[in-house]
Amino acid sequence: MKNPFTAPGKIILFGEHAVVYGKPAIAIPVSGMRASAWSEPGEGKLTINALDLNEKIGLENKASQFSVLAQALLAKTKQKEPNLTINLTSKLPQGSGMGSSAATSTAVCKALSNYLGVDLEHNQISELVFDAEKIVHGTPSGIDNTVVAYESPVYFVKGEDPLTFDSGRNFYLVIGDTGIEASTKETVGNVRKLWEKEPNLMNGYFDEIANVTEGGKMAIEEGNKEAVGELMNKNHELLNKIGVGHPLLEKLVDLTLDAGALGAKLTGGGGGGNMVALANNAEEQAEICEKITEAGYRAYQTTFGED
Ligand code: MEV
């Protein structure tokens, strides 16, 4: 692999789903797990070679996020289709709530723009990836492409510039993977159906989630890990109420809380995918991670903030 262009995964700490309805959310990049893209001379046209899927995607494939992205980038830079193969691989499990589609699109966007000789700002990459994400997610809020393109923790409200913020301390997280692939497009669609049926009830839950997110931001800034943990638990309860839970997410949340986590919640679209737990310190982070692996599930450790 020659000088790959890479992009991180992400997890949402507070506010997923409600963010689609204009409420704030907080997301952090997972820099240790990345998608990578690198280019080589093509076979007569532009091809995205998705190595993990064993799939070659050309510009004619209008249903692919990568061809939508490449078309938009070529139009923006007024360039012709290059004779180029972009190889793509990712450490991020698909359908896991860790931003695999945003990360792969971002890596491809960086590799292609570099080949075309254009220097894109974070916000330009984020916008291009957002348009491509619509193919995969239907009505995304834009939080995934934002946190992945900026690669920094963000406080995000749909349609507004993302805000970065300082953390009062280091936060030690463990991500647990149920192994169940879940489509964000589907869970977002299910939430929308419930919202259309019971708008008052659902708006009430979204307001409660917004309060949790605001409290979460304050607690992160203050470095109050106990409060962050409690708010994660509260957020998880509310996510169950809006119907995006799953028995295996419950199992992993309970397991991590029993192992001493300060709080735990599903993260991302839900319906399967990943959960995230907050550990008291680095040592307990490793212990919680081990408990998840012992139970037969994949787990990753990640941190954010400053000591
Ligand atoms: C997916 O990572 C987060 C959701 O809130 C969807 C979105 O914001 O587009 C579930």
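Please treat every number below as a calculation from the coordinates, not as lab data. Note that this is a predicted model, so its numbers are computed, not measured. Using ideal geometry, Cβ is built from the backbone for each residue, glycine included, and neighbour counts are taken over all protein chains shown.
What the table below lists for this structure:
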| quantity | calculated |
| --- | --- |
| Fully extended contour minus Cα-Cα distance, from N203 to D258, at 0.36 nm per residue | 16.6 nm |
| Computed label-point distance, nm, for sites T139 and A72 using a 7 Å Cα→Cβ extension | 1.8 |
| Most positive-pole-ward Cα, T293, T187, Y172, against dipole of the stretch 170-305 from beta carbon charges | T187 |
| Nearest-0.05 FRET efficiency for F165 and N281, computed from C-beta distance (R0 25 Å) | 0.65 |
| Helix axis angle, 100-116 relative to the chain longest principal axis, alpha carbon, degrees | 30 |
| Rounded, prolate or oblate (a/c below 1.5 giving rounded, otherwise prolate when a/b exceeds b/c) for the stretch 5-164 by Cα gyration tensor | prolate |
| Between the stretch 121-172 and the stretch 62-105, the alpha-carbon center distance in angstrom | 17 |
| DSSP loop trypsin sites (Lys or Arg not before Pro) with at most 13 other Cβ within 10 Å: longest gap in the chain | 81-307 |
| Cβ-based exposure ranking for V228, V148, V108, in which fewest neighbours within 10 Å come first | V228, V108, V148 |
| 222 nm mean residue ellipticity, helices alone, for the chain (DSSP H n ≥ 4; -39,500 (n - 2.57); rounded to 500) | -14500 deg cm²/dmol |
| Segment D119-I180, extension gain: residue separation times 0.36 nm, minus the distance between their alpha carbons | 18.2 nm |
| Virtual spin-label span in nm between N224 and E43, 7 Å along Cα→Cβ | 5.9 |
| Cα gyration tensor shape for the chain, rounded if a/c is under 1.5, else prolate or oblate | prolate |
| Ranked list, fewest to most other Cβ atoms within 10 Å of each Cβ, for C109, C289 | C289, C109 |
| Amide H partners (placed H, <5 Å) of K45, local residues excluded | L84 |
| Lysine pairs within the stretch 195-307, Cα separation less than 28 Å, 8 or more sequence positions apart or different chains | 22 |
| Fewest-first ranking of D207, D131, D119, D166, using other Cβ atoms within 10 Å as the exposure measure | D119, D166, D207, D131 |
| Cα-centred dipole magnitude for the stretch 5-164, charges only on beta-carbon of K, R (+1) and D, E (-1), debye, nearest 20 | 120 |
| Whether the stretch 176-307 is rounded, prolate or oblate, judged on the alpha carbon gyration tensor where a/c under 1.5 counts as rounded | oblate |
| Theoretical gain in end-to-end length, K241 to E60 [0.36 nm per residue, Cα-Cα removed] | 61.0 nm |
| Candidates P199, P162, P153, ranked by Gaussian network fluctuation over the chain, Cα under 10 Å, top entry | P199 |
